[in-house]
Amino acid sequence: MRLGSVNGLMAALWPLFLATPSMTQEASTIDSRAIQTGATPVSQLKVLPGFRVELLYSVPRESLGSWVNLCSDPRGRLIVSDQYGALYRIEVPPAGKEPAAADVVKVEKIGVDLGEAQGLLWAFDSLYVVVNKGQKYASGLYRVRDTDGDDNLDQVELLREIPGGGEHGPHAVLLTPDGKSLMVVCGNQTKLVSYNSTRVPPVWGEDHLLPRMPDGRGFMRGVLGPGGAIYRVSPDGKNWELYSVGFRNQFDAAFNRDGELFTYDADMEWDFNTPWYRPTRVCLVTSGSEFGWRNGAGKWPAYYADSLPAVVDIGPGSPTGISFGYGAKFPSKYQDALFVCDWSYGKLYAVHLASKESGYLGKFEEFVSGSPLPLTDVIVNPLDGALYFTIGGRRTQSGLYRVTYVGNEKLDASSPDVVGLNERRTRRFLETLHGPQESKAIVPIWSYLNHEDRFIRFAARVALEHQDPGHWREKALAEPNPGKAITALLALARVSAPDPFHRTEKSPAVDEQLRDTILNRLLDLPWEKLTDWQRLEWLRTCEVVLNRLGKPGDPLTARLIAMLESIFPSSHHMQNAELCQLLVFLESPHVIERTLQLLDEAPTQEEQLEYARALRVMKTGWSLEQRKAYLQWFVRASGYRGGASFELFVKNIKDDAQATLSDEERKVLAPILEAQLPVSKPTGVAQPRPFVKKRTLPETLNLFETALHDRNFDRGRKLFGAANCFACHRFDNEGGAHGPDLTGLAGRFSVRDLLESIIDPSKVISDQYAGVNIQTVDGRAIAGRIVNLNQDSIMVMTNMLDPNAVQNIQRKDIELMGPASKSLMPDGLLDTLQDDEVLDLMAFLLSRGDRNLPMFRGKK
């Protein structure tokens with residue numbers, strides 16, 4: 001389990017030290033030296049109105065350790081695990097009554113020689129335990145039973161060792177909805193368990209067209225995909241089926257009432273402000289799915305055809321336990337919620353899922369939060385209808401809490417979600433074909449290869465890859481429908497040759513004729529008639545073909561370059577990222593000139609890094625002026641800021657670029673190679689703009705008297721960067737995370753609400769994104785945002801443009817601390833924009849990243 005954050009996590013933390021019992025109350029200045037010892041008291045927690053939190057037990061750290069896992073047995077008793085110690089059974093007082101004293105909670109050690117668990121489940125008259133080796137016990141799946149019926153567990157059986165450990169090792173175990181199997185969850189420092197069958201086609205690879213950069217600080221260097229995995233396991237532990245791969249460090253998983261599996265995957269905070277950063281995210285884990293984790297800068301974008309996207313991005317954090325609210329005596333909205341724990345920032349989120357075709361979209365809210373509140377696990381006890389959560393981990397102070405509903409809403413049972421039912425049935429039918437079938441299965445699979453629903457399309461391709469290619473190779477090469485052809489040709493490339501990193505002496509020779517046939521078939525497809533998603537999948541298919549089957553001969557390479565150059569640059573930055581990689585790989589004579597122009601114009605440092613990273617391996621075709629322009633970018637980039645590996649990633653790009661220089665070029669370019677901005681002056685991407693006029697809400701609202709139409713999506717995106725919005729906000733998987741992700745604004749806020757929050761950001765300051773003012777005992781005044789905590793100190797980011805501008809403050813040194821009265825979001829962001837630019841910016845913000853909306857027709 002990944003507990004905690006490292007070096008400048010840029011999540012939006014409000015001053016949690018100031019937490020009050022109700023989210024409707026205002027925080028006030030407190031003397032932080034009055035904070036109590038033991039588990040965090042309820043008075044320092046925030047909970048949604050109508051809910052009550054009880055601290056049932058403050059764990060004696062020296063004797064009972066730090067608790068990280070939680071489950072219930074058939075009698076409603078709780079079972080918990082110390083991360084580095086034993087298992088315990090707990091009896092709690094009835095829900096709805098305040099415990100009279102600490103001894104009301106009965107804690108007993110389970111008398112078996114087993115511990116260090118990160119997964120607990122009571123099923124099949126047994127306690128299943130997933131051990132993540134700390135000091136004593138081997139990592140693996142264990143079964144613990146009561147063999148003599150005396151209500152005491154007494155027998156331990158190791159069902160299967162799991163090759164992994166550490167905080168990214170083996171984690172949770174849960175029961176399948178049919179009650180017949182187990183699911184076991186393993187992070188990306190766990191090698192694949194020897195499985196009996198697989199729903200994931202066993203043809204995974206790194207599939208990077210250009211050389212991949214490992215993590216700048218060397219973390220997990222050399223570890224190859226497919227990353228974290230989830231398995232379906234028989235109750236006796238003998239049969240293991242690989243179910244899903246491509247995670248970073250998903251600690252837990254949960255099924256909804258419709259039998260759909262979800263998990264909460266971790267981010268890599270060191271990647272922040274790079275194009276390969278992926279926030280913590282809730283994922284729908286379908287049969288045979290792949291989520292694209294690869295080491296270092298190799299993480300796949302969410303739009304890659306051979307992976308699946310998240311249901312909802314949460315943001316920076318440290319995912320731990322998750323559970324649906326089924327069985328809780330809560331209002332129906334919260335019975336249906338997926339509760340997910342964030343260890344780093346002390347937040348228990350309620351994620352509300354809505355069906356979208358065969359998948360889901362999610363929105364989230366903070367359900368409980370506090371400081372310190374290092375959440376480790378959460379469950380609903382079906383016998384009392386209460387929600388329980390634990391805090392602890394890494395030997396921090398642990399506690400057991402209970403949440404009940406005391407409000408006035410009716411506690412009616414929630415209703416099943418019937419939206420998307422037919423689409424889910426279609427996907428599940430295809431998932432029944434995720435294994436070798438008779439050749440007649442090709443016909444139904446084929447009909448869904450171009451389905452508009454990405455999850456159905458993915459399921460169809462996975463089913464196809466499980467079938468003998470001899471039954472469908474020629475059909476794929478002859479398919480006239482562009483959508484079906486792209487998906488089928490991607491499948492054919494994947495099953496026809498291994499990724500170079502997975503190639504062995506036993507691998508078949510590359511089939512050059514097949515490569516050329518696939519590429520020619522792709523080139524024959526009418527690019528101008530493809531949708532945006534088909535274009536991205538066309539580009540990805542081309543990359544996989546070239547990576548696995550190699551670069552073709554000169555005539556076909558020339559044809560491929562000519563076609564790609566005819567569409568580069570595109571108006572779509574995601575397409576440009578892939579086009580640039582392809583043209584660099586093929587050594588296009590024009591890619592340098594066009595990419596340098598994009599590098600100069602890109603509004604985000606993420607997009608700039610995409611182009612700089614690709615050009616770093618281009619060895620030929622440079623003029624001296626182009627070399628100067630490219631290397632000058634590194635001077636500019638020395639003023640950019642990101643996660644702990646950001647500067648090292650930029651350095652690695654520069655080192656690779658320098659390796660392509662001749663001795664004479666190094667000599668001539670030495671002044672640029674050695675130049676850099678002062679370290680103390682982060683610049684950001686946005687350039688200063690002249691003042692236009694002071695914007696007011698009434699005057700600006702008048703611009704929106706008629707509906708937005710004929711707006712320019714790309715200019716709106718560039719203005720989002722020019723106004724420095726990308727520095728703090730994410731939008732469509734780009735930008736910072738000091739403030740909220742703005743991708744889903746449409747449908748939640750009116751134009752008036754949005755304009756008011758921009759023009760007068762201090763009128764209403766959300767707890768979640770407020771700053772803090774601190775006065776120390778020696779008279780210092782510190783203002784900023786709390787970004788991390790530990791037992792004795794807090795970390796405050798004092799410069800929103802520089803995540804490494806952090807001050808560590810010991811709690812004992814704090815005299816007073818209170819919420820900032822002024823928003824960290826600056827005033828006047830629209831004051832440098834012309835009226836037409838304001839309209840384009842607002843249209844972009846309301847687009848959800850969809851450039852095909854009617855308001856953009858005629859102007860893309």
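The values are calculated or read from the model by the stated rules, or taken from the named source; none is laboratory data. Fair warning: this is a prediction, and the values are worked out from it, not measured in the lab. Please note: Cβ atoms are built from the backbone with ideal geometry, for glycine as well, and neighbour counts cover all protein chains shown. For the accessible areas, the whole protein counts, side chains as well, though only heavy atoms, and no ligand, DNA or RNA atoms are used. Shrake-Rupley method; radii C 1.70, N 1.55, O 1.52, S 1.80 Å.
Sorting 413-421, 234-242, 727-735 by average packing, meaning the other beta carbons within 10 Å per residue, from highest down gives 727-735, 234-242, 413-421. Summing Cβ point charges (Lys, Arg +1; Asp, Glu -1) relative to the Cα centre of the chain gives a dipole of roughly 480 debye. Given +1 at the Cβ of Lys and Arg, -1 at the Cβ of Asp and Glu and no other charges, the dipole of the range 533-619 around its Cα centre is 360 debye to the nearest 20.
Per atom type, the chain shows carbon and sulfur on 50% of its accessible surface, probed at 1.4 Å.
Bridging of Lys109 to lysines at a Cα separation below 22 Å is possible for Lys133, Lys136, once same-chain residues fewer than 8 apart are set aside. Return the FRET efficiency for the residue pair Glu601, Asp663: r is the Cβ-Cβ distance, R0 is 35 Å, and the value is rounded to the nearest 0.05. Plugging the Cβ-Cβ distance into 1/(1 + (r/R0)^6) gives 0.60. For Gly315, nonlocal amide neighbours, meaning residues 5 or more places apart or on other chains whose placed amide H falls under 5 Å from its own, are Thr280. Taken along the Cα-to-beta-carbon direction at a fixed 7 Å, the label points for Asp236 and Asp73 span 2.5 nm. For percent of Cα pairs over 42 Å apart, the value computed from the atomic coordinates appears in the list (1) 34; (2) 60; (3) 41 under label (1). Among Gly550, Leu522, His573, which residue has its Cα furthest toward the positive end of the charge dipole of the range 484-630, with +1 on Lys/Arg Cβ and -1 on Asp/Glu Cβ? The one lying farthest along the dipole's positive direction is Gly550. Charge dipole (Cα centre; +1 on Lys/Arg Cβ, -1 on Asp/Glu Cβ; no other charges) of the range 480-564 amounts to roughly 140 debye. Taking amide H as placed 1.01 Å from N in the peptide plane, the amide H of Lys347 sits under 5 Å from that of Asp342, Leu375, each at least 5 places away or on another chain.
Here r is the Cβ-Cβ distance between Lys356 and Glu674 and R0 is 60 Å; the resulting FRET efficiency, rounded to 0.05, is 0.70. Pull up the cross-link candidates among the lysines for Lys812, meaning alpha carbon to alpha carbon under 27 Å and not fewer than 8 places away within one chain. Cross-link targets: Lys46, Lys347, Lys822. Peptide packing: for 45-54, 323-332, the average count of neighbouring Cβ atoms within 10 Å per residue gives the ranking 323-332, 45-54, highest mean first.
On the basis of the beta-carbon distance and an R0 of 25 Å, Trp527 and Thr620 show a calculated FRET efficiency of 0.40. Looking at the chain, the accessible area is 38 square angstrom per residue; that uses a 1.4 Å probe and ignores ligands, DNA and RNA. Here the Karplus relation 6.51 cos²θ - 1.76 cosθ + 1.60, evaluated at θ = phi - 60°, turns the backbone of the range 539-552 into coupling constants of 5, 5, 4, 4, 4, 5, 4, 5, 5, 8, 10, x, 6, x Hz, with x for every Gly and Pro. Coupling constants for the range 517-532 follow from the phi torsions by the Karplus curve (6.51 cos²θ - 1.76 cosθ + 1.60, θ = phi - 60°), and in residue order they are 5, 4, 5, 5, 5, 4, 5, 7, 6, x, 3, 5, 9, 7, 6, 4 Hz; glycine and proline get x.
A protection proxy built from the mean count of other Cβ atoms within 10 Å ranks the segments 309-318, 342-351, 564-573, most packed first, as 342-351, 309-318, 564-573. Straightening the chain between Ser439 and Lys812 buys 127.1 nm, computed as 0.36 nm per residue apart minus the Cα-Cα spacing. Remark: relative contact order (the chain) = 13 percent; criterion is Cα-Cα distance under 8 angstrom and separation of 6 or more residues.
Stretching the chain fully between Ser566 and Ser194 yields a gain of 129.2 nm (0.36 nm per residue, less the alpha carbon separation).
Estimated at the nearest 10 Å², the accessible area of Val203 is 30 Å² with a 1.4 Å probe.
Stretched out straight at 0.36 nm per residue, the stretch from Lys694 to Phe429 would grow longer than its current Cα-Cα span by 89.6 nm.
A 21 angstrom limit on the alpha carbon distance is what I want to check against. Which of Lys333/Lys363; Lys506/Lys619; Lys329/Lys410 exceed it? Cα-Cα > 21 Å for Lys506/Lys619; rest within. Between amide H atoms placed 1.01 Å from N, distances below 5 Å from Glu815 occur with Gln775, Thr776, Val777, all of them 5 or more places distant or on a separate chain.
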